[in-house]
Amino acid sequence: MDVGNIKAEKEAEKKAAEGEKQSFFQSLFANLFKSSNPEAEKKRRLKAIAKTFSKTKFHSFYKPSSIEVMPPFAKLFYDIYKLISPAQLQFKSNQNPNLYKAQVINYSLSEKQVELLEHFDQQQIIEASRQIPLQQLTTKIEEEFMAFSSEFDNDRMNRTENLYKAFSTFQDFCCFDYYVLLKKFTSAIQEFNFTATPNFEKINGEYITDDLKDFCAVAYSITDETLIWNELFAFFKATQSSETVSLGNWKKIIAKIKSIQQSEAFELMIRHISGNTDYITQPQSHYTSLIEPYVDKIREEVYSTLSKIGSQQKENKANQICTQIFGSADFQTLHFYVTAANDAFLKKELSTYIYAEPLNYLKAFLLEYVKKDIREFYDVVVVRGQWDASLANPMSNAYQELLKISDEITTFDNDLSEEGGSGLKIKTLLPKTAHDPGAENIINRVISDANDQARGYLITSSQDLVTIGKTLKLLIEDHGKQKPEVVQNWRELERFLDHPMKEFSVGIYKKIYLFVQLMQQYLA
């Protein structure tokens with residue numbers, strides 16, 4: 001071989017090797033440092049997105065070079081809008097979500113549940129309470145409610161929940177604002193008017209990016225394979241007066257959306273228009289659990305009704321007893337621990353005086369009966385009577401304690417006046433509760449302490465009156481005997497009273513009995 005040729009070949013091989021080496025390092029350098037120019041990388045990725053989109057069968061929807069959304073895109077949405085418009089109209093005319101929840105549940109109830117449901121009606125419970133004692137009625141309704149709840153076995157619960165999930169997904173898709181989206185392609189379109197297909201024009205993609213994102217979020221939910229569309233449309237047929245969307249058309253819509261979703265055409269459009277090359281749709285659903293809140297609501301309504309009946313009966317009973325004792329239920333002996341004070345507390349969402357009414361009655365009883373009739377009986381029978389101290393002492397101690405409580409209630413009530421320690425604290429802090437949680441806590445604590453103290457007076461007084469009542473009963477029985485065994489000098493004691501001993505004693509006993517009953521209405 002010629003020496004010159006050999007030399008030339010070696011030079012060529014050397015240059016080729018250097019070229020390959022240079023190309024390798026250039027490529028490596030480019031890969032390592034391509035992120036140093038994010039704009040260039042973004043353009044490259046957007047170009048790749050545009051290329052991928054052009055290969056989908058929905059390429060006529062969007063023109064990447066000019067970022068324009070084309071009329072075929074609007075035509076697709078118009079066709080969907082036309083098909084679902086009857087359903088959209090129905091949803092717009094009935095915007096109460098509880099209506100549809102009730103329809104789904106009532107459709108799913110067993111015959112036994114439908115029958116039991118009538119028993120939970122408020123008016124029926126009120127009517128029943130006029131014929132059945134409240135405790136007995138409460139037990140009956142509790143048993144019926146248990147039977148009603150037990151009918152929701154796993155199978156019925158799952159079928160109902162799945163039906164409502166399909167309904168919610170259908171509703172979300174139908175309630176998307178197609179009209180607003182289509183209005184951007186032509187101003188000539190009229191809402192729910194499909195007499196002629198409008199002439200749509202191409203528009204800048206930026207005008208509909210957010211709309212498209214919202215649509216994908218609800219549309220991609222309907223492709224869920226677990227949704228029971230056949231059952232949903234059977235439900236529509238059974239509960240709706242007229243068909244809104246046919247099952248056949250609905251399945252065509254699902255097939256179209258599924259095709260778009262699988263091609264990622266809409267997501268590619270969103271990425272290219274927005275410049276967010278990583279955008280991924282997150283399907284959304286407004287579906288929430290149905291059965292548990294429904295059962296809880298019935299339970300709450302039933303017990304609320306029973307509670308109101310109980311409160312009304314208790315109030316009626318209390319008013320009747322008050323009238324028997326005092327001649328009226330409408331009077332006021334306290335000045336500051338009163339129900340009227342609660343108005344200011346309720347406006348601030350604070351605690352309230354919960355024993356104001358019974359404490360008012362207690363103070364009145366202490367003034368009207370303990371310090372008058374019972375005192376007169378005490379001064380004559382206990383002080384002047386000749387009887388066993390072991391029997392007299394409990395009554396004497398209870399009487400003295402009631403006198404003490406009467407004075408303590410007056411002090412307690414005055415403490416809640418605007419000049420009193422607790423009342424002044426409430427008056428000072430009340431205007432600050434709107435912006436100072438600490439003020440609210442202090443007032444609630446003052447009110448809570450007052451309630452505890454009031455309840456203590458009620459309980460102790462009731463116990464003392466029971467003690468006096470038991471002793472009185474014993475004395476009344478003893479007075480009626482030919483040979484008294486407890487008090488030895490009844491005849492002598494009669495001289496110190498202006499009225500017959502027996503009638504006077506029985507009258508006091510009846511008042512005590514009634515008053516203890518009254519207190520039980522509030523302490524039970």
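The values are calculated or read from the model by the stated rules, or taken from the named source; none is laboratory data. Predicted model, so just to flag it, every value in this text is computed and none were measured. We place every Cβ from the backbone using ideal geometry, glycine too, and count neighbours over all the protein chains shown. Surface accessibility is based on the protein's heavy atoms, side chains included, excluding ligands, DNA and RNA. Shrake-Rupley method; radii C 1.70, N 1.55, O 1.52, S 1.80 Å.
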Checking the structure you have, find out if any residue of segment 511-523 is open to solvent by 40 Å² or more (accessible area, probe 1.4 Å), closer than 18 Å to Val382 by Cβ, hydroxyl-bearing (Ser, Thr, Tyr) and without any contact (Cβ under 8 Å) to a residue 60 or more places away in the chain.
no
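Being touching a Ser or Thr at 6+ places or on another chain (Cβ under 8 Å) and either open to solvent by 20 Å² or more (accessible area, probe 1.4 Å) or part of a helix (DSSP H, G or I) (or both): is that true of Ser328 here?
Values: touching a Ser or Thr at 6+ places or on another chain (Cβ under 8 Å): no; either open to solvent by 20 Å² or more (accessible area, probe 1.4 Å) or part of a helix (DSSP H, G or I) (or both): yes.
Spelling it out, it is not the case that Ser328 is touching a Ser or Thr at 6+ places or on another chain (Cβ under 8 Å) and either open to solvent by 20 Å² or more (accessible area, probe 1.4 Å) or part of a helix (DSSP H, G or I) (or both).
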Hits in segment 166-183 - residues which are open to solvent by 70 Å² or more (accessible area, probe 1.4 Å) and under 34 Å from the mean Cα position of the chain (by Cα):
Asp177
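Filter segment 337-368 for residues that are basic (Lys, Arg) and crowded, with 20+ Cβ neighbours inside 10 Å and give the result.
Keep residues of segment 337-368 that are basic (Lys, Arg), which gives 347-348, 363.
The one that is basic (Lys, Arg) and crowded, with 20+ Cβ neighbours inside 10 Å: Lys363.
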Taking segment 222-233 on its own, how many of its residues are open to solvent by less than 70 Å² (accessible area, probe 1.4 Å) and in contact with a Leu (Cβ under 9 Å, 6 or more places away or on another chain)?
4
Is it true that some residue in segment 96-114 is in contact (Cβ under 8 Å) with a residue 60 or more places away in the chain, surrounded by 12 or more Cβ atoms within 10 Å (Cβ to Cβ) and within 23 Å of Asn249 (Cα to Cα)?
yes
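Looking at Glu315, Glu292, can you tell me which residue is open to solvent by 70 Å² or more (accessible area, probe 1.4 Å), acidic (Asp, Glu) and under 25 Å from the mean Cα position of the chain (by Cα)? Reasoning before the result, please.
On the way: Glu315 fails: under 25 Å from the mean Cα position of the chain (by Cα).
After ruling out the rest, the residue left standing is Glu292.
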Residues (open to solvent by less than 20 Å² (accessible area, probe 1.4 Å) and either over 30 Å from the mean Cα position of the chain (by Cα) or not aliphatic (A, V, I, L, M) (or both)) located in segment 207-218:
Ile208, Thr209, Leu212, Phe215, Cys216
Check off (1) surrounded by fewer than 17 Cβ atoms within 10 Å (Cβ to Cβ); (2) over 14 Å from Ala87 (Cβ atoms) for Ile257 and give me the number that stays unchecked.
(1)
Does segment 137-153 include one or more residues that are surrounded by 13 or more Cβ atoms within 10 Å (Cβ to Cβ), part of a loop (DSSP other than H, G, I, E, B) and in contact with a His (Cβ under 9 Å, 6 or more places away or on another chain)?
no
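Among the residues that make up segment 19-41, is at least one of them surrounded by 13 or more Cβ atoms within 10 Å (Cβ to Cβ), part of a helix (DSSP H, G or I), modelled with pLDDT under 95 and at negative phi?
Let us first name the residues in segment 19-41 that are surrounded by 13 or more Cβ atoms within 10 Å (Cβ to Cβ), namely 41.
Right, trim to part of a helix (DSSP H, G or I) and you get 41.
When the remaining residues are screened for being modelled with pLDDT under 95, the result is 41.
Now narrow it down to the ones that are at negative phi: 41.
The answer is yes; a qualifying residue exists.
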Has segment 482-489 got at least one residue that is part of a helix (DSSP H, G or I) and either farther than 27 Å from Ser328 by Cβ or open to solvent by 20 Å² or more (accessible area, probe 1.4 Å) (or both)?
no
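Give Ile309, Ile374 a once-over and let me know the one that is touching a residue at least 40 places away in the same chain (Cβ under 8 Å) and under 42 Å from the mean Cα position of the chain (by Cα).
On the way: Ile374 fails: under 42 Å from the mean Cα position of the chain (by Cα).
The unique qualifying residue is Ile309.
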Going by the structure shown, is Tyr62 open to solvent by less than 60 Å² (accessible area, probe 1.4 Å), touching a helix residue (DSSP H, G or I) at 6+ places or on another chain (Cβ under 6 Å), at pLDDT 95 or above and farther than 19 Å from Glu264 by Cβ?
no
Meets criteria (open to solvent by 70 Å² or more (accessible area, probe 1.4 Å), more than 30 Å from Val302 (Cβ to Cβ), β-branched (Val, Ile, Thr) and not in a helix (DSSP H, G or I)) for Thr186
no
Just checking, which of Ala234, Ala196, Ala219 is at pLDDT below 95, on the phi < 0 side of the Ramachandran plot and of a type in the set (A, V, I, L, M, F, W, C)?
Ala196
Whether any residue in segment 272-287 is open to solvent by 70 Å² or more (accessible area, probe 1.4 Å), farther than 30 Å from Thr52 by Cα and at pLDDT below 90 is what I want to check.
yes
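Which one is surrounded by the most Cβ atoms within 10 Å (Cβ to Cβ), of the residues in segment 417-446 that are in a helix (DSSP H, G or I) and in contact (Cβ under 8 Å) with a residue 24 or more places away in the chain? First the steps, then the outcome.
Within segment 417-446, the subset in a helix (DSSP H, G or I) is 421-432, 437-446.
Retained after the next criterion (residues that are in contact (Cβ under 8 Å) with a residue 24 or more places away in the chain): 422-423, 430, 440, 443-444, 446.
Values: Ser422: 20, Gly423: 20, Leu430: 17, Glu440: 19, Ile443: 23, Asn444: 17, Val446: 20.
Among those residues, the one meeting the criterion is Ile443.
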Test result for Ala398, modelled with pLDDT of 95 or more and either part of a helix (DSSP H, G or I) or of a type in the set (Asp, Glu) (or both)
yes
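Sort out which residues of segment 447-466 are acidic (Asp, Glu) and either surrounded by 17 or more Cβ atoms within 10 Å (Cβ to Cβ) or part of a loop (DSSP other than H, G, I, E, B) (or both), and write them in order of number. Steps first, please.
Applying the first criterion (acidic (Asp, Glu)) to segment 447-466 yields 449, 452, 464.
The one that is acidic (Asp, Glu) and either surrounded by 17 or more Cβ atoms within 10 Å (Cβ to Cβ) or part of a loop (DSSP other than H, G, I, E, B) (or both): Asp464.
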Out of segment 312-341, which residues are free of Cβ contacts under 8 Å to residues at least 40 places away in the same chain and in contact with an Asp or Glu (Cβ under 8 Å, 6 or more places away or on another chain)?
Thr339
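If you check Leu474 against the conditions, is it in a helix (DSSP H, G or I), touching a residue at least 60 places away in the same chain (Cβ under 8 Å) and surrounded by 15 or more Cβ atoms within 10 Å (Cβ to Cβ)?
On the way: in a helix (DSSP H, G or I): yes; touching a residue at least 60 places away in the same chain (Cβ under 8 Å): yes; surrounded by 15 or more Cβ atoms within 10 Å (Cβ to Cβ): yes.
Criteria met by Leu474.
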From the option list Lys101, Lys82, single residue qualifying as part of a helix (DSSP H, G or I), under 30 Å from Ser242 (Cα atoms) and within 24 Å of the chain's Cα centre (by Cα) is Lys101
